[in-house]
Every structure is written in structure tokens, then in C-alpha cells.
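Have a look at the structure below before the remarks.
FYI, it's all coordinate maths here, none of it is from the lab. Everything numeric here is computed off the predicted structure, so don't read it as measured data. Don't worry about glycine lacking a Cβ; one is built from the backbone with ideal geometry, like all the others, and counts go over all protein chains shown.
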Amino acid sequence: MKIIKHDPLADVFYIVFNTEKVGHEACLVPSSDLVKNVLMVMQKAGFIGGFEQIEDGRGGKIRIELIGKVNYAKIIKPRFAVGVDSFEKWESRYLPAKSAGVIILSTPKGIMTHLEAKEQRIGGRLLGYIY
């Protein structure tokens, strides 16, 4: 039976969370531009180590170094639109505490955390959260 993947970003969050949970130091995830941008945000926030693109002739994979900081990671579906003034509502819904973890969102200025979006006073669409 062939597994059909519909959401590569959801696969990435699932793989990173489960690989971290069992204690491995690295994992392979499918590659895309969205995945690379989200991984850069996760790396900047301190949840993963480095990552590298591995070409396999079929779209490629990304090898991620895990550093043991991911307690939970999940995708947000549907991708809700969030305004500048409503970040607190989403923080209380998805994060365990105000300063624990980040919500990752897509904005007109690129993919960033909710903290950066608050600082720049821009809204966007929710992609996922990690703590």
C-alpha cells in the first residue's frame, strides 16, 4: 500500500516531534521551499540545530539535527487568518504559557514567529506551533 502525502508541512512537524520523542539525534523530512523556511524559523527560535538539503533525484530530503528542545509540535488546520490585535487569543489557545514556545505563521513579509509578527505589527495565516 502506497502512502499518499497531502501536507508536507504536517509530515515535517510529525516527524520532528516523534523523532525527538524517541531520542534520536537527526531525522529526514521531505523537502520544499515552505519546509525550508519553517525550519529556518525553528532553528532561529532554538528548537532544532542545523539542517542540510540532500538531493536524491526525486525532490530531495532535508536532514535535521535535533537538539532535544522540542516538547510538542503540531500543525494548525485550517490555516486561520490572524490580525495584529488577536495574537493573545491564539497564544492562549495553542501554547502552554505566554513565554513558552512559538506560533509559526506566514505573513506578507515571509514566514516568522508570532513574536516577530507582533514586533513588526503585521498579521498573517497560522501554520503551526512548537514548544
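At-a-glance table
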quantity	calculated
Nearest-ten-degree value, helix 8-22 long axis tilted from longest Cα axis of the chain	80
Sites S92 and K44, calculated FRET efficiency, Cβ-Cβ separation with R0 25 Å, nearest 0.05	0.60
Full-stretch length increase - D56, A81 - with 0.36 nm per residue and alpha-carbon distance subtracted	5.5 nm
Calculated FRET value between R121 and S99, using beta carbons and R₀ = 25 Å, to 0.05	0.80
³J(HN,Hα) computed for each position of the stretch 41-49 - Karplus, 6.51 cos²θ - 1.76 cosθ + 1.60, integer Hz, glycine/proline x	5, 5, 5, 5, 7, x, 8, 10, x
Which of V16, V82, I54, positive extreme of dipole for the chain (C-beta unit charges)	V82
For S99, S32, S86, order by how many other beta-carbon atoms lie within 10 Å, fewest first	S99, S86, S32
K74-K21 pseudo-label distance in nm [points 7 Å out on the Cα-to-Cβ vector]	1.1
Residues Y131, Y14 arranged by fewest to most Cβ contacts within 10 Å	Y14, Y131
Net charge dipole size for the stretch 26-87 [Lys, Arg +1 and Asp, Glu -1 on Cβ; Debye, nearest 20]	200
Proximal lysines relative to K118, as straight alpha-carbon distance under 19 Å, when same-chain residues fewer than 8 apart are discounted	K44, K89, K98, K109
Residue order, fewest to most beta carbons within 10 Å, for H114, H24, H6	H6, H24, H114
Set of lysines with alpha-carbon distance to K21 below 16 Å, sequence-local pairs under 8 removed	K69, K74
Relative intensity, log₁₀ I(q)/I(0), of the stretch 73-130 from a Debye sum that treats every alpha carbon as a point, q = 0.13, 0.14, 0.18 Å⁻¹	-0.25, -0.29, -0.49
Equivalent ellipsoid, the chain (semi-axes from 5 times Cα gyration tensor eigenvalues, Å)	25, 16, 14
Estimated dipole of the stretch 73-130 in Debye, rounded to 20 [Cβ of Lys and Arg +1, of Asp and Glu -1, Cα centre]	220
